[in-house]
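Remarks on the structure that follows.
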Amino acid sequence: MGDRFFPNEMPEFVTESEETTTEDSLTNLLSLPYPKTAEKLMQFALDLKDKIVKETWTRAGGRVKDFSMYTGPLGTAFLLFKAYQVTNNNADLTFCTEIIRACDSASRSSGFGTFICGRAGVCALGAVVAKQARDQRLMDHYLTQFKKIQIPGEIPNELLYGRAGYLWACSFLNRHIGKGTIPSSHTGVIVKEMIKDGIQLSNNGSCPLMYEWHGKKYWGAAHGLVGIMHVLMDMELKPEDQEYVKGTLRYMIRNRFPSGNYPSSEENKEDRLVHWCHGAPGFALTLAKAAQVFGDEEFLKAAADAGEVVWNRGLLRKVGICHGVSGNAYVFLSLYRVTGNVEFLYRAKAFACFLVDKSDRLISDGEMHGGDRPLSLFEGSGGLAYLFLDMIEPSEARFPAYEI
């Protein structure tokens, strides 16, 4: 199991100091006052962002094959939009708009209607960026295209390719364009079908809702139960549906591993994965949200317990946000946002500083993997740059395409 992650040898907490105290570069980074750390992360992120744009867009001549946010240029656009929000550099917004236009053309025949892997992400991000650029005509174009997306009856319910991924795009639009942009009368029909499917597959079992993807009852954020619950909490739910969601979360808490980690799927006995997509990180994010939505201390405690797993086993041998150190750092940012506890902020800073200090050398030495698509948002350094930009204002940080 240990070969999946590096032992976390960083101190539990380091008191910040203006002076360099040791010869160890990571310890020195950890001891820097947060504003100075943020400055270093900002410069690292902006340099990396420029490299990613050059390699994934400029050198590609603006051609789009994989348009997705997960591994394609739409992820670069999302990173550029984040950079614009942090720096107000209009060049980033211009590049972002250009990339989305190309993804719009490339995704016209797409059968997927989700935010991370489908056309819904193109249209939703396009509308939000157009609003930011004060281009009403372009915003209306993307909103019109979004509303043309069809959700077939046989689509699964999970986040990456299913109904939950489409609903997340609706929430993104309502959050950034305005409440009611996609009305609850529209999303409510989809929610009703999802709840119905969950009850049916549960078949009066001990878990109130259950779902399958490719014939397997996954639990994780990307394809399973906890990702679906995360999205449902943003919807207008009937009281009985809220109880289904809470009961499903409690079922998973009761059936977690003794270590505090979570199975990747129903009845899976292998306590291996500590990723956003499978395992404790995705659960920590969702349970922290549940604590806010439902005002329940049980969920906050479970989120903190999952955070302990991430602290101990979350320095993965990959850099990305889906199944790497960057994504795991968001657990601590989420817990910091919910609790205000600076120890969680320190842990987020520690994971970020680990990446700054060690990732290049570890990748060069073959001890760490830069991702199959090493510049992408979800697998590679695009997610690393996004995290560093989020660290500038940690109380506003959100796991990209998961936390609203």
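The values are calculated or read from the model by the stated rules, or taken from the named source; none is laboratory data. Model, not experiment: these values are computed from the prediction. FYI the Cβ positions are ideal-geometry reconstructions off the backbone, even for glycines, and counts take in every protein chain you see. What goes into the accessible areas is simple: the full protein's heavy atoms, side chains included, and nothing from ligands, DNA or RNA. Shrake-Rupley method; radii C 1.70, N 1.55, O 1.52, S 1.80 Å.
The table below gives the values:
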quantity: Any hit, region 86-96, residues being under 22 Å from Ala352 (Cβ atoms), aliphatic (A, V, I, L, M), surrounded by 23 or more Cβ atoms within 10 Å (Cβ to Cβ) and under 22 Å from the mean Cα position of the chain (by Cα); calculated: no
quantity: Pairs where the first residue, in region 89-111, is without any contact (Cβ under 8 Å) to a residue 60 or more places away in the chain and the second is open to solvent by 10 Å² or more (accessible area, probe 1.4 Å) and acidic (Asp, Glu), C-beta under 9 Å, 6+ apart; calculated: Thr97/Asp135; Ala106/Asp66
quantity: Scope region 278-292; condition open to solvent by 10 Å² or more (accessible area, probe 1.4 Å) and of a type outside the set (D, E, K, R); matching residues; calculated: His278, Ala291, Gln292
quantity: Single residue of region 194-213 satisfying the filter (without any contact (Cβ under 8 Å) to a residue 40 or more places away in the chain and assigned to a loop (DSSP other than H, G, I, E, B)) that is surrounded by the most Cβ atoms within 10 Å (Cβ to Cβ); calculated: Leu209
quantity: Selection within region 228-244 - in a helix (DSSP H, G or I) and out of contact with any Pro (no Cβ under 8 Å at 6 or more places or on another chain); calculated: Ile228, Met229, His230, Val231, Leu232, Pro239, Glu240, Asp241, Gln242
quantity: Test: residue in region 243-252 that is farther than 22 Å from Ser202 by Cβ and not β-branched (Val, Ile, Thr); calculated: no
quantity: For Glu9: the one exception among (1) assigned to a loop (DSSP other than H, G, I, E, B); (2) open to solvent by less than 30 Å² (accessible area, probe 1.4 Å); calculated: (2)
quantity: Filtered residues of region 97-133 (kept if of a type in the set (Phe, Trp, Tyr) and open to solvent by 30 Å² or more (accessible area, probe 1.4 Å)); calculated: Phe112
quantity: Which listed residue, of Leu237, Leu249, is among the hydrophobic types (A, V, I, L, M, F, W, C) and surrounded by 21 or more Cβ atoms within 10 Å (Cβ to Cβ); calculated: Leu249
quantity: Single condition Lys269 does not satisfy, out of (1) open to solvent by 30 Å² or more (accessible area, probe 1.4 Å); (2) in a helix (DSSP H, G or I); calculated: (2)
quantity: Residues that are part of a loop (DSSP other than H, G, I, E, B) and crowded, with 17+ Cβ neighbours inside 10 Å, drawn from region 140-150; calculated: Ile149
quantity: Only one of Arg163, Arg134 that is closer than 30 Å to Val53 by Cα and basic (Lys, Arg); calculated: Arg134
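This table checks each residue for (1) under 19 Å from Asp92 (Cβ atoms); (2) of a type in the set (Gly, Ala, Ser); (3) in contact with a Pro (Cβ under 7 Å, 6 or more places away or on another chain).
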{"site": "Met10", "(1), (2), (3)": "no, no, no"}
{"site": "Glu16", "(1), (2), (3)": "no, no, yes"}
{"site": "Thr22", "(1), (2), (3)": "no, no, no"}
{"site": "Leu26", "(1), (2), (3)": "no, no, no"}
{"site": "Pro35", "(1), (2), (3)": "no, no, no"}
{"site": "Lys40", "(1), (2), (3)": "no, no, no"}
{"site": "Gln43", "(1), (2), (3)": "yes, no, no"}
